[in-house]
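> To start, I am sharing the structure in question, which I have written as structure tokens.
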Amino acid sequence: MADPAGEDLAREDPAVLREYYRQMALIRAFELRAAEMYTRAKIGGYCHLNLGEEATVAGLTAALHAEDFLFATYREHGYALARGADPGRVMAELFGREAGLSRGRGGSMHLFDSQIRLMGGYGIVGGQVPLATGAAFALAYRGGPAPDAPAVMCLLGDATTNIGAFHESLNLAALWRLPVVYVIVNNQLGMGTPVEAAAAEPELWKRGCAYRMPGQRVDGNDVLAVRDAARAALDCARMERQPTLLETVSYRLRGHSVVDPARYRTAEETERLRREDPLPAFRHRLITAGVLDEETAAEIDSEADMAVAAAVDFADASPPPEGAALFDHVYATPAASMYRGLPGDPVAAPGPAAGPGPGSVGGPA
Amino acid sequence: MTVISYRQALHDTLRAELLRDENVFLIGEEIGVFEGSYKITAGLLAEFGPRRVRDTPICEEGFTGVAIGAAMMGLRPVVEIMTINFSLLAIDQIVNNAAKLRSLSGGQLSVPMVIRTPGGGGQQLSATHSQNLEVFYAHVPGLKVLAPATCADAKGLLAAAIRDDDPVIVLENLALYNTKGEVPDGEHVAEIGRAAVLKPGRDITVVGYSRAAVIALDVARRLEDDAISAEVIDLRSLRPLDRETVCASVRKTSRAVVVEDDWLSYGTGAEIAATIAEGAFDYLDAPVRRVAAAEVPLPYAKPLELAALPDAGAITRVIRQTLEGN
């Protein structure tokens, strides 16, 4: 951890630092409640948490302009919250309710909010990487480089750097000079597989070298280091149309998803994770630097708990989508001949009641 | 009306849509400098420049995903996948992203894109380059799959696809590119999801799409000499599927044969036969028959290739058998 003396912090606006802490505390509280709601069967399907990645989330989102577009992975609750999505609507999506961010159609892995330019969480590993590249293509199609030009940030996990779509996308982005920043959120495990067992180049940011793409590895537990690296990369995208491959290194505190007990970890490892947990570390750092006192920190923690309790209440009180809305949002332009049958419904009426056609021998009964 | 080739109709439509809408752009392998593997995009790079006509490296998953991402931002990409066989490399992007983003986002996003891609055998391109994989896509809710058989539809359905706000796959056919036919002049946008009666008839309904519809029409015209009146239906759209036009025809003729270039099992013919079983069961005077490709990886050797693909002889034989059956 950098900066025990607080020299870096002295250059920062204390209100901004407290805001980062507030976001991190909110994400922590939200994810712990999400895990609890999962075990109470309020949340179904898969549920992947940002526990342990709070500093990375706050740092990356702090670097984004409001006009920028964010493509996320399926571990994205925290990013939605940090970008300003209403916690109640995020929880409502996890609960599968109509008031959810994606109207209950996506669930935990597919949070979309076009208002805040959150272009989705993606359930298929790396599915978002070509899309983010295409969004950057659209930005370049419409406008030139400028200090305030919008850019795209594309999140991906460490294991995603092994798939073809990642390499194809980086090649295209570098070849066409697209305004995009790819961020490998390296939490050191692809499900249960350590990075070293999956990647022949385990310093993942170096994989950009094949595309002459600059990159950098930063401490994902250091919100300021993450923010500054992301900001520099985004500036490069905005002004020079130079894509970057950034790597943040953190560690998820729990299993791959809520149902994974993470038995592949040793007791020593788990103990080390507790010691390096970015949330209490940042809290301690701010208190040592005089940016926070215990009382204010406790207040922020308690506000986060209250916001999440309100989010749970809102989600719980929200109705699920109605059955009649099953076919809504499948097509932008429905056609008259579209089949909208439910299981067991016929695909065609047996014929007009008027009687048999001219060629028929038997005719209808 | 002007008589032009299917290839020319596609080319002219792409050009007209590029002129009409600044958001339309073309993207794919060898579409610019090389002018397209089948020359559909000839001259368009020179006229519109690399911003609107974008050559890509070989990376179907990458550039198809790029097009989907651009469509999410409101552009209208027209992707060329050199042949439908190569779409297998992009199928995750097509099925898991293009088809689902509108639904997954609760209607916040849409994907107004087109994938043009030719399928079909008969060119001695052997097993990996001769497939008819359109049913893979026709199976998936969220996609639309169009299959023009005529030159007029090559124009009308492609224009409709480009102007549609959903992801649309436009199935072209290697064997149709050089066919010629009448094409309406000026603006011509077909309706998506409507089958066409290519030739009315009383005795039997023959259903096909793409190349199979063209062969079926040819067979039906010849059968007129034998006083057999076959009604030919061109599906034009595999998703959505115009079941009512098919059923209405069979309620009139009481017999049906489905012709398809893809493999028989689980194919379009199975879907049509099941539809007829529900929508015209009481009117049927004979079992619905299918004429489809033999279930082998298509061989290179010409006699084997010819043996595997449905042709006019097989269609004629099955029509006669169906008329004789009671």
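> In segment A:171-185, which residues are under 14 Å from B:CYS59 (Cα atoms) and surrounded by 24 or more Cβ atoms within 10 Å (Cβ to Cβ)?
A:LEU172, A:ALA173
> So, one more: Kindly establish whether A:LEU224 is open to solvent by less than 30 Å² (accessible area, probe 1.4 Å), away from chain B (no Cβ under 13 Å), assigned to a strand (DSSP E or B) and within 21 Å of A:LEU253 (Cα to Cα).
For A:LEU224, the condition - open to solvent by less than 30 Å² (accessible area, probe 1.4 Å), away from chain B (no Cβ under 13 Å), assigned to a strand (DSSP E or B) and within 21 Å of A:LEU253 (Cα to Cα) - is not met.
> Filter segment B:235-261 for residues that are among the charged types (D, E, K, R) and touching a strand residue (DSSP E or B) at 6+ places or on another chain (Cβ under 8 Å) and give the result.
B:ARG236, B:ARG239, B:LYS252, B:ARG255, B:GLU260, B:ASP261
> What number of residues within segment B:242-276 satisfy the criterion of being among the acidic types (Asp, Glu) and within 17 Å of A:SER337 (Cβ to Cβ)?
3
> Six or more apart or on different chains, Cβ atoms under 9 Å: show the pairs whose first residue is in segment B:158-177 and under 19 Å from B:ARG15 (Cβ atoms) and whose second is basic (Lys, Arg) and in a loop (DSSP other than H, G, I, E, B).
B:TYR177/B:LYS39
Residues checked against (1) more than 10 Å from chain A (Cβ to nearest Cβ); (2) crowded, with 24+ Cβ neighbours inside 10 Å; (3) in contact with a Gly (Cβ under 7 Å, 6 or more places away or on another chain):
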| site | (1), (2), (3) |
| --- | --- |
| B:ALA46 | yes, no, no |
| B:VAL53 | yes, yes, yes |
| B:CYS59 | no, no, no |
| B:GLY62 | no, yes, no |
| B:GLY65 | no, yes, yes |
| B:PRO77 | no, yes, no |
| B:LEU88 | yes, no, no |
| B:LEU104 | no, yes, yes |
| B:ALA127 | yes, no, no |
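> Mind checking which residues of segment A:199-212 are in a loop (DSSP other than H, G, I, E, B) and either buried (at least 17 other Cβ atoms within 10 Å of the Cβ) or in contact with a strand residue (DSSP E or B) (Cβ under 6 Å, 6 or more places away or on another chain) (or both)?
Correct list: A:ALA199 only.
> Find the residue count for segment B:307-319, including only residues that are out of contact with any helix residue (DSSP H, G or I) (no Cβ under 8 Å at 6 or more places or on another chain) and touching a residue at least 24 places away in the same chain (Cβ under 8 Å).
Total satisfying the criteria: 3.
> Moving on to the next point. Assess whether A:ALA297 counts as being closer than 12 Å to A:ARG18 by Cα, open to solvent by less than 60 Å² (accessible area, probe 1.4 Å) and small (Gly, Ala, Ser).
yes
> Pick from A:GLU67, A:GLU36, A:GLU31, A:GLU19: which is modelled with pLDDT of 95 or more, open to solvent by less than 20 Å² (accessible area, probe 1.4 Å) and of a type in the set (D, E, K, R)?
Step by step, each of A:GLU67, A:GLU36, A:GLU31, A:GLU19 is checked, and only A:GLU31 is modelled with pLDDT of 95 or more, open to solvent by less than 20 Å² (accessible area, probe 1.4 Å) and of a type in the set (D, E, K, R).
> From the set of residues in segment A:307-339 that are open to solvent by 80 Å² or more (accessible area, probe 1.4 Å) and either away from every other protein chain (no Cβ under 14 Å) or of a type in the set (Ser, Thr, Tyr) (or both), which is farthest from A:ASP86 (Cα to Cα)?
This residue is A:TYR339.
> Hey, any hits in segment A:154-166 for a residue that's closer than 15 Å to B:GLY62 by Cβ, of a type outside the set (S, T, N, Q), touching a residue at least 60 places away in the same chain (Cβ under 8 Å) and out of contact with any Leu (no Cβ under 6 Å at 6 or more places or on another chain)?
Within segment A:154-166, one or more residues are closer than 15 Å to B:GLY62 by Cβ, of a type outside the set (S, T, N, Q), touching a residue at least 60 places away in the same chain (Cβ under 8 Å) and out of contact with any Leu (no Cβ under 6 Å at 6 or more places or on another chain).
> Out of all the residues in segment B:163-191, which are in the same structural domain as B:HIS11 (by TED's automatic domain parsing), in a loop (DSSP other than H, G, I, E, B) and under 22 Å from A:SER337 (Cβ atoms)?
Answer for segment B:163-191, where residues must be in the same structural domain as B:HIS11 (by TED's automatic domain parsing), in a loop (DSSP other than H, G, I, E, B) and under 22 Å from A:SER337 (Cβ atoms): B:ASP164, B:ASP165, B:ASP166, B:PRO167.
> When the residues of segment A:91-112 are narrowed to those that are at the interface with chain B (Cβ under 10 Å from one of its Cβ atoms) and either open to solvent by less than 10 Å² (accessible area, probe 1.4 Å) or without any contact (Cβ under 8 Å) to a residue 24 or more places away in the chain (or both), which ends up nearest to the chain's Cα centre (by Cα)?
A:LEU111
> Right, here's the next one. Tell me yes or no: at least one residue of segment B:136-148 is open to solvent by 40 Å² or more (accessible area, probe 1.4 Å), at pLDDT 95 or above and among the aromatic types (Phe, Trp, Tyr).
Yes, that holds for at least one residue.
> Say we look at segment B:275-290 and pick out the residues that are among the aliphatic types (A, V, I, L, M) and more than 7 Å from chain A (Cβ to nearest Cβ); which of these is farthest from B:ASP203 (Cα to Cα)?
It comes out as B:ALA277.
> What single numbered condition from (1) open to solvent by 10 Å² or more (accessible area, probe 1.4 Å); (2) of a type outside the set (Phe, Trp, Tyr); (3) under 30 Å from B:ALA127 (Cα atoms) fails to hold for B:ILE272?
All conditions are met except number (1).
> Further, regarding this structure: Out of everything in segment A:119-133 that is assigned to a helix (DSSP H, G or I) and touching a strand residue (DSSP E or B) at 6+ places or on another chain (Cβ under 8 Å), what residue ends up being nearest to A:GLY164 (Cα to Cα)?
A:VAL129
> Also, quick follow-up: Filter segment A:39-54 for residues that are part of a helix (DSSP H, G or I) and open to solvent by less than 10 Å² (accessible area, probe 1.4 Å) and give the result.
Selection gives A:GLU54 alone.
> If you don't mind, there's one more thing I want to ask. Filter segment A:145-157 down to the residues that are open to solvent by 10 Å² or more (accessible area, probe 1.4 Å) and outside any loop (DSSP other than H, G, I, E, B) and list them by number.
Once the filter is applied, which keeps residues that are open to solvent by 10 Å² or more (accessible area, probe 1.4 Å) and outside any loop (DSSP other than H, G, I, E, B), segment A:145-157 yields only A:GLY157.
> Moving to a separate point now. State which residue is farthest from B:GLY269 (Cα to Cα) when the search covers only segment B:192-217 and only residues that are within 12 Å of chain A (Cβ to nearest Cβ) and outside any loop (DSSP other than H, G, I, E, B).
So the residue we want is B:ILE204.
> From A:GLU269, A:GLU196, which residue is out of contact with any His (no Cβ under 9 Å at 6 or more places or on another chain), on the phi < 0 side of the Ramachandran plot, open to solvent by 70 Å² or more (accessible area, probe 1.4 Å) and without any contact (Cβ under 8 Å) to a residue 60 or more places away in the chain?
Of A:GLU269, A:GLU196, the one residue that is out of contact with any His (no Cβ under 9 Å at 6 or more places or on another chain), on the phi < 0 side of the Ramachandran plot, open to solvent by 70 Å² or more (accessible area, probe 1.4 Å) and without any contact (Cβ under 8 Å) to a residue 60 or more places away in the chain is A:GLU196.
> Could you please tell me which pairs satisfy a Cβ distance under 9 Å, a separation of 6+ or placement on different chains, a first residue in segment A:122-143 that is at the interface with another protein chain (Cβ under 7 Å from one of its Cβ atoms), and a second residue that is basic (Lys, Arg) and not in a loop (DSSP other than H, G, I, E, B)?
Pairs found: A:PHE137/B:ARG54.
The values are calculated or read from the model by the stated rules, or taken from the named source; none is laboratory data. Not measured: the values here are computed from a predicted model. Here the Cβ is made from the backbone with ideal geometry for all residues, glycine too, and neighbour counts use every protein chain on show. For accessibility, only protein heavy atoms count, side chains too; no ligands or nucleic acids. Shrake-Rupley method; radii C 1.70, N 1.55, O 1.52, S 1.80 Å.
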